[in-house]
1. Any chance you could list P(r) for region 114-187, counting all Cα-Cα pairs in 10 angstrom bins from zero, rounded to whole %?
2. Once amide H atoms are placed 1.01 Å from N in the peptide plane, what residues at a sequence separation of 5 or more from Val110, or on another chain, have their amide H within under 5 Å of its amide H?
3. May I ask for the percentage of alpha-carbon pairs in the chain that lie more than 40 Å from each other?
4. Could you go through region 377-382 in sequence order and give the Karplus-derived ³J(HN,Hα) for each residue, using 6.51 cos²θ - 1.76 cosθ + 1.60 with θ = phi - 60°, rounded to whole Hz, and x for Gly and Pro?
5. In a shell of Cβ-Cβ distance under 11 Å around Val133, excluding Val133 itself, what net charge do Lys and Arg (+1) and Asp and Glu (-1) give?
6. Taking K and R as +1 and D and E as -1, what net charge do the other residues with C-beta under 11 Å from the C-beta of Leu98 add up to?
7. Report the per residue volume, in Å³, of the convex hull enclosing the C-alpha atoms of region 272-401.
8. Just to make sure I understand: if all protein chains stay in place, what is the order of Arg40, Arg390 by accessible area at 1.4 Å, largest first?
Amino acid sequence: MDPLSQNGTSDPEPRRLALLGATGSVGTQTLEVVRLFPDRFDVRVLTCHQNVERLADQVQEFRPACVVVGSVERADAFERMLPADAPDVRVLVGPEGLCEAATRSDVDVVLGAVVGFAGLRPVLRAVEAGKQVALANKETLVVGGALVAQALEAGDGRLLPVDSEHSAIFQCLAGESERSVEDLVLTASGGPFWDRPAETFGEITVEEALDHPNWSMGAKITIDSATMMNKGLEVIEAKWLFDVPVDRIQVLVHPQSIVHSMVSFADGAVKAQLGVPDMKVPIQYALSYPARWPAPHERLDWDELSRLDFERPDLDKFPCLQLAYDALEAGGTAPAILNAANEAAVGCFLDEQMGFRDIPRAVERVLERLPVQADPTLEDLVAADTEARRRVEELPLPASN
Ligand code: NAD
Ligand code: MG
């Protein structure tokens, strides 16, 4: 027997890939995985919002048929950047361009690594078009989980998690029956402020909040990790991915980020998935599934690993996590409002127009003030998103530091 085929490394056809958000943290790590398996992938689409310099380099290396950029100005800048002898590439623009690129007939697998609400529409369209979607963009499920679930049910689309915790749960669930699952246990690093006294949270700077202890990620998710909104968004993401009621999704702080998440079963057994914190592992698994491809990613060093700690999260200190649980319970447009208010507030914090403690305050106030609509359509979600962002801009928040 060919030992390679046992590991699934001798697939006959390369996977034709559309990488949405190619220039970001997940996007560039996805291309590192593609580099390890050049014969397994045919990169058809690369997209970015602004960073056309990086995109032009990626186009030279991976030769996609199509790219998408954020605006007509960026498209002009991109075309000026390509050398005269560059291969032909179709250039599309904006949200419509993303949807067109994600549903191309020459694409089998879409990796959704756009950040924020902007990722929802192209992912939804890709699922509706029957694509296999490897999803990093958790905001898609937070806002539009019900619509994505409907589209999955109605068609041939398929969703595979890229987020490390959800990849861990997906791996723990392999071969298990749904009925035997008791609880999902999402682990959280706790971010850079886990141990910091709450009284000093008003003094937190942008630089401190961007300094994550275990993971190197884009700015928005790094701030979400510092407020623990990231874990709140992941609870909602888990609800939609695994169809488990909210009271059976627990969060545990695990500062080492070695156990990526766990599942407990009806007989008292608990399965956990462990590894060095490295997004390339869950990215690769979402692309190689159901196979595991041998790869030189860093291994756990058992001589270095002396302890694994677990603690319950402090919801008073990190109110974003509770806000996310509440929004999930409220349902309808509530998670969309939570997500939009959070995206807007994180933007204000990064621009130094808001203090760190103002992020949960802003989200809470907007959630209190906006009515929740049940069974929203995509248009209703877009309207809720727009209104929640507008409300954050209007809030008279004093800088809390
Ligand atoms: P990032 O900011 O590094 O990259 C975002 C990408 O999306 C870039 O390519 C950017 O050009 C593009 N983009 C930004 N705004 C856009 C818009 N309005 N329209 C179209 N494209 C846009 O973000 P990231 O850290 O790579 O995270 C991407 C997603 O993956 C997020 O939803 C995040 O929560 C999730 N995620 C990231 C990590 C990680 O390790 N970085 C881990 C788990 C999940
Ligand atoms: Mg995660």
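The values are calculated or read from the model by the stated rules, or taken from the named source; none is laboratory data. Nothing here was measured: the structure is a model prediction, and the numbers come from that model. Positions of Cβ are backbone-derived with ideal geometry, glycine not excepted, and every protein chain shown enters the neighbour counts. Please note that ligands, DNA and RNA were not included when accessible areas were found on the heavy atoms of the full protein model with its side chains. Shrake-Rupley method; radii C 1.70, N 1.55, O 1.52, S 1.80 Å.
1. Computed distribution, short to long bins: 19, 45, 32, 4.
2. So Val110 has HN proximity to Ala18, Gln132, Val133, Ala134.
3. 13
4. Karplus-based 3J(HN,Hα) across region 377-382 equals 7, 4, 5, 4, 5, 4 Hz.
5. On the way: positive: Arg125, Lys131, Arg158; negative: Asp108, Glu128.
For residues surrounding Val133, the net value is +1.
6. 0
7. 195
8. Most to least solvent-accessible, the answer reads Arg390, Arg40.
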